[in-house]
Amino acid sequence: MSAPFDRLLCGLRAATLADDAGYGLIEDAAIGIRDGRIVYIGPQANLTAEQRQSAREIELFDSALATPALIDCHTHLVFGGNRAREFEMRLNGASYTEIAQAGGGILSTVRATREASEEQLLTAALPRARALMRDGVATIEIKSGYGLDADTELRMLRVARRVGEVLGISVRTTLLAAHALPPEYAGRADDYIEHVCREILPAAHSAGLVDAVDAFCEGIGFSPEQTRRVFDAASALGLPVKLHADQLSNLGGAALVADYGGLSADHIEYTDEAAVARMAERGTVAVLLPGAFLCLRETQLPPIDALRHHRVPMAVSTDLNPGTSPLMSLRLAMNLACTLFRLTPEEALRGATVNAAKALGLADRGRLAEGMRADIAVWGVTEPAELSYWMGAELLQAVQVARLRAD
Ligand code: NIG
Ligand code: FE
């Protein structure tokens, strides 16, 4: 007798995304789960009577759509305060620069984050993560980057890990200490980068808090040379890298992170075709962030056709942060990727599942297939395109999140 299922989900229309193209639809599908993994996915009719009877628990659905649980691969959801007041000031005529000169902008979030205790940061972060979960998200990447000193950066990463523990979802943590120049290092960016490489990164790494390392390579962030220093330090510790690249100008960030074999180049509105070709060669994923594009009222579109042409996997994420993307819905990010960037709904769904998993270096999720984690979202719709089409409704009907011993 074959080993029993812990759980059997029946009566599904499954969009497996199992192959490189198409939704991989299975009609009248069943999914058998054992020890947190999918051990059967296929037509219900192919299950033997023995398999059916073996299930400890059976859940019946009425042709509901099943997809891999969604993955938000780029967020900054741990932070103190918020910037709603600045949003209001901008709409009343103040410029972004005036606000920044008056001590606002990203540094106002740094101040509020430094002042917040671990408990306060956790209390503020949990509802944001819960909002993402209402869209079937079961894996979230969370960055530091509003501490900019060792104490606060580590506090942010600890809070991020606790979000995962409290909510029973996977959280991947990314150190983004090279996000902005802290006020105490004004005029001394190279010294701050030295501090990041010699103090903050090793401390966060030895505390076991870093899954990847990110930086903001931009005129208002750090130069390519400074970014390389951070990446060299990360590589020396065996940590993968990713980059906020070419968001407001083309400093060659996407090519740079590809040169390091980085996991992803994120934003990439100004990336040119040669850099896209380099990303393809090195397997670097393009992470598209239409929420920031919308809120900054950007006009320069990311090079979608070149990404398609060179077969660079495209991920879609919220970039949830208090400054440029206060967006708490990954489904809405998928809709914006379609309406603003002209992704197809299939590309948007791949972007929030299989390609988002690639952007995090995770091979065990993002598709529905035997052997994969049993992270499954079940929706009250029938067409996969509906996930990108509807704006603002709660479509999620059920979610199954694997709890594995290794988590
Ligand atoms: O991903 N681009 C840099 N960092 C964030 C925004 C940070 C902020 O304004 O608080 C982003 O857009
Ligand atoms: Fe970001």
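Key figures for this structure:
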read-out: Arg161 being in contact (Cβ under 8 Å) with a residue 24 or more places away in the chain, away from ligand 2 (no atom under 16 Å from the Cβ) and more than 29 Å from Arg278 (Cβ to Cβ); value: yes
read-out: Search result, residues across the stretch 326-351 that are closer than 24 Å to Asp272 by Cα, of a type in the set (A, V, I, L, M) and away from ligand 2 (no atom under 16 Å from the Cβ); value: Met334, Leu340, Leu343, Ala348
read-out: Flag if Glu98 is farther than 30 Å from Leu349 by Cα, of a type in the set (Asp, Glu) and away from ligand 1 (no atom under 16 Å from the Cβ); value: no
read-out: Contacts under 8 angstrom Cβ, first residue in the stretch 28-53 being without any contact (Cβ under 8 Å) to a residue 40 or more places away in the chain, partner outside any strand (DSSP E or B) and crowded, with 19+ Cβ neighbours inside 10 Å, 6 or more apart; value: Ala30/Leu47; Gly32/Phe5; Gly32/Leu47; Gly32/Gln51; Gly32/Ala55; Arg34/Phe5
read-out: Scan of the stretch 295-331 for residues that are hydrophobic (A, V, I, L, M, F, W, C) and more than 25 Å from Ala69 (Cβ to Cβ), ordered by number; value: Cys295, Leu296, Leu301, Ile304, Ala306
read-out: When residues of the stretch 127-181 are limited to those that are small (Gly, Ala, Ser) and under 23 Å from Gly253 (Cβ atoms), the one surrounded by the most Cβ atoms within 10 Å (Cβ to Cβ); value: Ala177
read-out: Those helices (runs of 4 or more DSSP H) lying entirely in the stretch 44-146 with at least 3 residues away from ligand 2 (no atom under 16 Å from the Cβ) and at pLDDT 95 or above; value: 106-115, 118-133
read-out: Total residues in the stretch 277-325, condition among the hydroxyl-bearing types (Ser, Thr, Tyr) and closer than 25 Å to Asp19 by Cβ; value: 2
read-out: The one condition in (1) more than 15 Å from ligand 1 (Cβ to nearest atom); (2) touching a Gly at 6+ places or on another chain (Cβ under 9 Å) that Ala189 fails to fulfil; value: (2)
read-out: Elements of type strands (runs of 3 or more DSSP E) in the stretch 192-281, at least 2 residues being within 27 Å of Asp151 (Cβ to Cβ); value: 212-217, 242-245
read-out: Options Gly261, Gly253, Gly323: the member that is within 16 Å of ligand 2 (Cβ to nearest atom) and surrounded by fewer than 23 Cβ atoms within 10 Å (Cβ to Cβ); value: Gly323
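The values are calculated or read from the model by the stated rules, or taken from the named source; none is laboratory data. Note that this is a predicted model, so its numbers are computed, not measured. No Cβ is skipped: glycine too gets one built from the backbone with ideal geometry, and neighbour counts run over all protein chains shown.
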